[in-house]
Amino acid sequence: MTSADLVTSASPRRHNGHSLTTRIVIYGLLTLFALVYLVPLLVMVMTSLKPLGEVTGGNMFAVPEHLTLRPWVDAWGEARIGVSETRGIHGYFLNSVKMVIPAVLISTLLGALNGYVLTKWRFPGHKLVFGMMLFACFIPFQSVIIPMAVILGALGRIGVDLYDLTGWSFGLGNATVNLVIVHVIYGLGFTTLFFRNYYENFPNELVKAAMIDGASFFQIFRRVLLPNSTPIFIVTVIYQFTNIWNDFLFGSTFAAGDSAPMTVALNNLVNTSTGVVEYNVNMAAAIIAAAPTLLVYVVAGRYFVRGLMAGAVKG
Amino acid sequence: MATLEIAALRKRFGTIEVLKGIDITLEKGGFLVLVGPSGCGKSTLLNTIAGLEQISSGEIRIAGNDVSHLHPSKRDIAMVFQSYALYPNMSVAENIGFGMEMRGVPRAERDKAVAAVAKTLQIEHLLSRRPSQLSGGQRQRVAMGRALVRRPSIFLFDEPLSNLDAKLRVDMRIEIKRLHQTTGSTIVYVTHDQIEAMTLATKIAVLKNGELQQVGSPSEIYDRPANTFVADFMGSPAMNLLEGTVTAANGAPRVVIARKEGEPIVLPIPASADAGKLQDGARVIFGIRPEAVNDSESIDRNARSVVKFDATVEIVEPAGSDTFVVIHAAGKELTARMRADADLRRGQNHTFAFNLDKAVLFDPQTTARI
């Protein structure tokens with residue numbers, strides 16, 4: 001009996017019996033893992049809605065008896081963050097927003113431009129350039145900190161000179177601008193990889209048709225490539241947003257004090273060594289810190305999966 | 001002055017030469033078809049005319065201007081691609097008008113030109129649709145509309161029908177021919193389909209390995225192929241090519257085709273061949289189209305030179321309009337195109353006839369026609 005015979009003779013018998021057991025196992029496992037991931041979030045949400053006495057005195061899994069939004073208000077506007085004079089995390093939240101939006105947009109657009117050049121305007125050595133950009137994805141964060149600090153220091157001095165000359169530093173030396181620069185440079189390897197692989201399957205004939213139609217290099221990019229890049233654009237934005245928003249190392253190294261991003265502020269809030277640990281406030285702050293990435297996944301998650309698949313299987 | 005002149009054109013990719021010195025001219029209103037097997041360089045040649053590939057040496061002139069190193073948009077050409085290459089994010093009207101938009105033509109003028117082209121191609125009702133909402137034939141029309149709206153000196157078509165199903169392909173072929181006849185446009189057309197080449201062209205260029213094999217009218221290519229490659233490539237079923245020997249015994253020179261069994265077939269030298277070049281004992285390849293092989297009653301009555309021979313039927317292929325009969329001759333299969341109602345069966349012995357007016361001879365060494 002060949003293996004083909006085995007498959008055909010076995011399948012009708014298996015089909016009836018196995019579908020129910022398989023379903024129970026599959027859904028059981030899925031439910032289990034969903035719970036494993038959801039329980040911490042549930043505990044966080046419940047804790048953040050309890051008064052402190054209920055948190056320290058009661059069970060972690062107990063439903064709040066006296067619902068209160070006070071910890072959220074405290075976390076946003078009142079809580080003491082490390083040694084800073086300013087109260088609450090709202091300022092740091094804004095720092096992160098001011099950092100993440102330009103960093104994501106610039107790195108994504110530059111990645112798209114790199115991908116466009118590496119696939120549609122090939123030059124001798126394009127493979128080497130792409131290989132080196134790919135290599136950037138594997139460089140550990142820690143190893144670039146000192147060189148980056150040197151470069152940012154130099155840029156800061158240029159900023160001072162520019163300020164003396166023109167009255168404006170062009171943002172050089174500003175902690176948020178520094179973080180944008182760091183994240184754009186560090187993210188470029190990934191965004192280039194995403195867009196190059198997407199544009200590799202983008203029909204060359206469209207570019208040729210646009211050339212014959214008289215479109216310039218940037219016109220082809222803006223009018224033909226970009227409008228047809230929605231899936232990979234969303235994938236890249238989600239990826240970059242999550243990474244940059246959640247970054248702690250660069251944030252804590254290059255932006256101290258009041259210009260620190262959300263992640264650093266959250267750490268300073270939670271790791272305080274003075275006074276009572278306000279778990280409810282900490283939980284509220286942690287949820288606020290995680291909310292933007294959660295929101296991005298909820299809004300664009302289906303594109304994320306679709307985009308990853310589109311890259312994997314052509315057509 | 002010819003609309004298109006290509007002189008000594010060479011194209012190298014690294015060390016590989018894909019176009020080895022091409023010389024072609026095309027008159028205004030001509031329809032040049034570049035045909036050949038895949039990898040012969042026909043698409044590369046078209047891309048060099050379009051300016052999408054840089055040339056290594058040589059010259060391309062369009063309407064008298066040297067365009068060899070001009071940008072594609074400055075060459076006064078329009079191209080229809082195999083995949084149509086319609087911009088997926090734009091409506092049909094925007095697709096057709098994109099070139100004019102890039103050249104800064106005012107909106108009102110653009111809309112007027114788009115409307116006029118849409119009317120010619122009967123796609124007015126599709127103007128606001130996206131390419132994804134169109135059928136294959138409609139996409140083809142839009143792609144042609146995008147080319148037509150430019151009013152270029154030369155239209156370039158890169159295998160435009162190969163993505164369509166068989167029936168639509170025939171319809172669009174007629175459409176392109178009608179377009180050519182009514183507008184009098186000059187067209188360069190790439191295909192690997194020799195029927196498209198025969199039906200559309202006023203001039204055919206057959207390429208192989210980056211070299212021109214023959215340039216001529218469809219009938220020249222079909223009836224007087226320059227070598228065995230062209231003879232074999234053009235026509236379906238292919239031309240019969242049989243090995244023979246020249247003998248000058250008993251007066252006039254003749255071609256003798258030996259057979260495994262039975263008498264050899266002895267033929268007078270076909271009128272197309274230069275008998276002066278043939279020496280006694282020389283080996284030749286005798287080429288004859290399937291339609292010039294028939295039974296002795298059905299052979300062309302106006303034929304001046306007919307030779308009859310007996311052979312056994314091996315395979316009978318009824319194709320509807322004709323019946324193809326494969327017979328064994330000279331150790332090689334020989335195909336005859338016969339009447340649809342030809343009453344022949346496998347194994348049957350039958351008298352066939354060659355119409356030698358249509359026969360050609362080739363030199364087996366050089367493969368060139370004698």
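Only the coordinates and a few stated rules stand behind these numbers; no lab work does. Fair warning: this is a prediction, and the values are worked out from it, not measured in the lab. FYI the Cβ positions are ideal-geometry reconstructions off the backbone, even for glycines, and counts take in every protein chain you see.
Full extension of the chain segment joining B:ARG12 with B:VAL105 gains 29.7 nm, where the gain is 0.36 nm per residue of separation less the Cα-Cα distance.
Averaging the sequence gap over all C-alpha pairs within less than 8 Å and six or more residues apart, then dividing by the number of residues, gives chain B a relative contact order of 15 percent.
Taken over segment B:151-253, the percentage of Cα pairs per 10 Å bin, counting from 0 up to the bin with the maximum distance, is 12, 38, 30, 11, 6, 4, 0.
Report note on the peptides B:98-104, A:292-298: ranked by the mean count of other C-beta atoms within 10 Å, highest first, their order is B:98-104, A:292-298. Taking label points 7 Å from Cα along the Cα-to-Cβ direction, A:VAL39 and B:GLU314 give a separation of 7.9 nm. For the residue pairs B:LYS119/B:LYS167; B:LYS20/B:LYS260; B:LYS277/B:LYS332, the alpha carbons lie more than 31 Å apart in B:LYS20/B:LYS260. Among the residues of B:47-55, the average count of other protein chain beta-carbon atoms within 10 Å of the residue beta-carbon is 2.
When only Cα pairs below 8 angstrom with a gap of at least 6 residues are kept, chain A shows a relative contact order of 27 percent. For segment B:59-115, the fraction of C-alpha pairs farther apart than 19 angstrom is 44 percent.
Over all pairs of different C-alpha atoms, segment B:92-135 has a mean inverse distance whose reciprocal, the Kirkwood radius, equals 10.7 Å.
So what's the angle, to the nearest 10 degrees on a 0 to 90 scale, between helix B:166-183 and the longest Cα principal axis of chain B? Rounded to the nearest ten degrees, it is 70. Across segment B:97-106, coupling constants 3J(HN,Hα) worked out from phi with the 6.51/-1.76/1.60 Karplus curve, θ = phi - 60°, read x, 4, x, 5, 4, 5, 8, x, 6, x Hz, and Gly and Pro carry x. Within a straight-line Cα-Cα reach of under 18 Å, B:LYS358 can be paired with the following aspartates and glutamates, leaving aside sequence neighbours fewer than 8 residues apart in one chain: B:GLU220, B:ASP223, B:ASP232, B:GLU243, B:ASP274, B:GLU291, B:ASP295, B:GLU297, B:ASP300. Remark on B:MET234: its backbone amide H falls under 5 Å from none of the residues 5 or more positions apart or on other chains, H modelled at 1.01 Å from N. Using a Förster distance of 56 Å, how high is the FRET efficiency between A:VAL25 and A:GLN219, based on the Cβ-Cβ distance and rounded to 0.05? Efficiency, from the Cβ-Cβ distance: 0.50.
Normalised Debye scattering of segment B:223-370 at q = 0.10, 0.19, 0.20 Å⁻¹ gives log10 I(q)/I(0) of -0.32, -1.17, -1.29, counting only Cα atoms as equal scatterers and leaving out solvent. Using a cut-off of 15 Å between beta-carbons, work out the net charge of the residues near A:LEU179 (Lys and Arg +1, Asp and Glu -1, A:LEU179 not included). Local net charge: -1. Partner shielding of B:101-111 amounts to 2, given as the average count of beta-carbon atoms from other chains within 10 Å of each residue beta-carbon. Peptide A:212-225 is shielded by partner chain Cβ atoms: per residue, an average of 5 of them sit within 10 Å of its Cβ. Annotation: the protein assembly as shown has a Kirkwood hydrodynamic radius of 32.4 angstrom, from the mean reciprocal C-alpha pair distance.
Hydrodynamic estimate: the Kirkwood radius of segment B:54-195 over Cα pairs, inserted into Stokes-Einstein at 37 °C and 0.692 mPa s, corresponds to D of 206 µm²/s. Here segment B:268-352 has an Rg and Dmax of 14.3, 44 Å, counting Cα atoms alone. On the principal axes of its alpha-carbon atoms, segment B:1-135 has extents of 47, 32, 25 Å, going from largest to smallest.
Normalised Debye scattering of chain A at q = 0.14 Å⁻¹ gives log10 I(q)/I(0) of -1.15, counting only Cα atoms as equal scatterers and leaving out solvent. By the Kirkwood approach, averaging reciprocal distances over each pair of separate Cα atoms, segment A:180-315 gets a hydrodynamic radius of 17.9 Å.
What would the Debye formula give as log10 I(q)/I(0) at q = 0.18, 0.27 Å⁻¹ for the alpha-carbon point model of segment A:196-261, no solvent? Evaluating at q = 0.18, 0.27 Å⁻¹ gives log10 I(q)/I(0) of -0.73, -1.13. The calculated P(r) of segment A:87-180, using every Cα pair and 10 Å bins from 0, goes 13, 27, 36, 20, 3, 0 in percent. Scoring A:206-214, A:180-188 by mean Cβ neighbours within 10 Å over their residues and listing the highest first yields A:206-214, A:180-188. Taking θ as phi - 60° and the Karplus parameters 6.51, -1.76 and 1.60, the scalar couplings of segment A:146-151 work out to 5, x, 5, 4, 4, 5 Hz in sequence order, x denoting glycine and proline.
Between B:LYS332 and B:LYS74, the contour length at 0.36 nm per residue exceeds the Cα-Cα span by 87.5 nm.
Computed from backbone phi, the HN-Hα couplings of segment B:268-280 come to x, 5, x, 4, 6, 8, 8, 4, x, 7, 8, 10, 4 Hz, rounded to whole numbers (Karplus: 6.51 cos²θ - 1.76 cosθ + 1.60, θ = phi - 60°; Gly and Pro given as x). Over 25 Å between Cα atoms, which of B:LYS11/B:LYS208; A:LYS120/B:LYS42; A:LYS127/B:LYS208 qualify? A:LYS127/B:LYS208, as the Cα separations exceed 25 Å there. Per residue, the convex hull around the alpha carbon atoms of chain B comes to 172 Å³.
Annotation: peptides B:297-304, B:264-271, ranked by per-residue average of other Cβ atoms within 10 Å with the highest first, follow the order B:264-271, B:297-304.
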